[in-house]
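Asker: I have a structure I would like to understand better, so I am pasting it below and will then ask my questions one at a time.
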Amino acid sequence: MSLEIKPLNDVHFEQVILLGNQVHGDGYLDEIMLNEIVIKGKKNGINANFVALDKDKLVGFRLTYAPGQWLSDKWCSPQLWPVAQQQLCYFKCNTVAKDYRGKGVGKALLQASIEATQRQGALGGISHLWKQSPGNAAVGYFSRAGGRLIKIHENRWNNNPEHPDYICIICGKTCRCTAWEMLLLF
């Protein structure tokens with residue numbers, strides 16, 4: 001494997017959308033959503049979104065909002081965070097193709113986003129980890145990176161206005177998956 005981590009740009013959009021919908025379920029990403037995510041991930045000329053390539057084949061991606069570029073919602077618990085929201089990035093999504101899981105791809109993508117968001121001024125990051133991810137890998141890798149549990153949210157992605165056409169690969173149209181709100185300080 002010759003893994004290369006690069007900043008996400010529009011030439012990767014089609015492959016990112018395809019992989020995101022394949023791993024998470026139909027309607028998880030589309031071009032409009034991805035454009036908005038990329039805008040939220042840029043600050044001070046620094047892009048916090050990355051792709052993992054193996055010989056030009058997209059095998060993973062990390063979507064991250066820059067500090068000060070995102071708003072908390074009802075699934076966030078800022079009163080439990082030891083750092084102000086303006087100083088935290090938001091780790092939106094980490095996705096790795098099935099054949100590349102367990103090989104350090106997710107870790108490399110997370111590290112690239114951490115380094116970028118630190119240059120953007122972040123002191124840490126918040127994420128909602130998908131507990132039902134294959135083998136609960138999302139919570140596992142984020143915990144190994146130093147993430148700590150803040151709060152558990154049942155039915156996090158059910159009727160989510162951010163993803164109105166989402167069909168969960170586990171639950172179908174009515175997603176009942178659980179999110180672990182976790183904090184990673186740098």
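Bear in mind these aren't lab numbers, they're just calculated from the coordinates by the rules spelled out. Keep in mind that what you see is a predicted model, and the values were worked out from it rather than measured. Please note: Cβ atoms are built from the backbone with ideal geometry, for glycine as well, and neighbour counts cover all protein chains shown.
Asker: Restricting to DSSP H runs of at least four residues, report the calculated mean residue ellipticity at 222 nm for the chain, -39500 (n - 2.57) per run over all residues, nearest 500 deg cm²/dmol.
Answerer: Values: 4 runs with 47 residues, N = 186.
After summing the helix terms and dividing by residue count, I get -8000 deg cm²/dmol.
Asker: Relative to the present Cα-Cα distance, how much length would full extension add between LYS6 and LYS107 at 0.36 nm per residue of separation?
Answerer: Taking 0.36 nm per residue and subtracting the Cα distance, the gain is 35.0 nm.
Asker: What residues from region 101-139 fall in the zone where the backbone N is under 12 Å from a label point 7 Å along the Cα-to-C-beta line of ILE46?
Answerer: 112-124
Asker: Once phi is turned into ³J(HN,Hα) by the Karplus curve 6.51 cos²θ - 1.76 cosθ + 1.60 with θ = phi - 60°, what whole-Hz value does each residue of region 58-63 show in order, with x for glycine and proline?
Answerer: Coupling constants for region 58-63: 6, 10, x, 8, 10, 10 Hz.
Asker: Using packing as a proxy for protection, rank 59-66, 90-97, 71-78, 138-145 so that the peptide with the highest average count of other Cβ atoms within 10 Å comes first. Can you show the working numbers first?
Answerer: Working: 59-66: 26.9, 90-97: 23.4, 71-78: 12.2, 138-145: 18.5.
Going by the mean number of other Cβ atoms within 10 Å, highest first, we get 59-66, 90-97, 138-145, 71-78.
Asker: If you don't mind, there's one more thing I want to ask. Excluding LEU80 itself, calculate the net charge of residues whose Cβ lies under 13 Å from the Cβ of LEU80, where each Lys or Arg counts +1 and each Asp or Glu counts -1.
Answerer: Details: positive: ARG148, LYS151; negative: GLU181.
Spelling it out: positives minus negatives among the neighbours equals +1.
Asker: Something else: Once a ≥ b ≥ c are taken as the square roots of the eigenvalues of the Cα gyration tensor of region 14-76, is the result rounded (a/c under 1.5), prolate (a/b larger than b/c) or oblate (a/b not larger than b/c)? Walk me through the numbers before you get to the answer.
Answerer: Numbers: a/c = 2.24, a/b = 1.32, b/c = 1.70.
Oblate.
Asker: If you take the square roots of the eigenvalues of the alpha-carbon gyration tensor of region 63-158 and sort them as a ≥ b ≥ c, do you get rounded (a/c under 1.5), prolate (a/b over b/c) or oblate? Show your work: numbers first, answer last.
Answerer: Details: a/c = 1.95, a/b = 1.23, b/c = 1.58.
It is oblate, given that a/c is not under 1.5 and a/b is not larger than b/c.
Asker: Using 17 Å as the cut-off for backbone N distance, which residues of region 54-72 belong to the label zone defined by a point 7 Å from the Cα of ILE39 along Cα→Cβ?
Answerer: 64-72, by backbone N distance to the label point.
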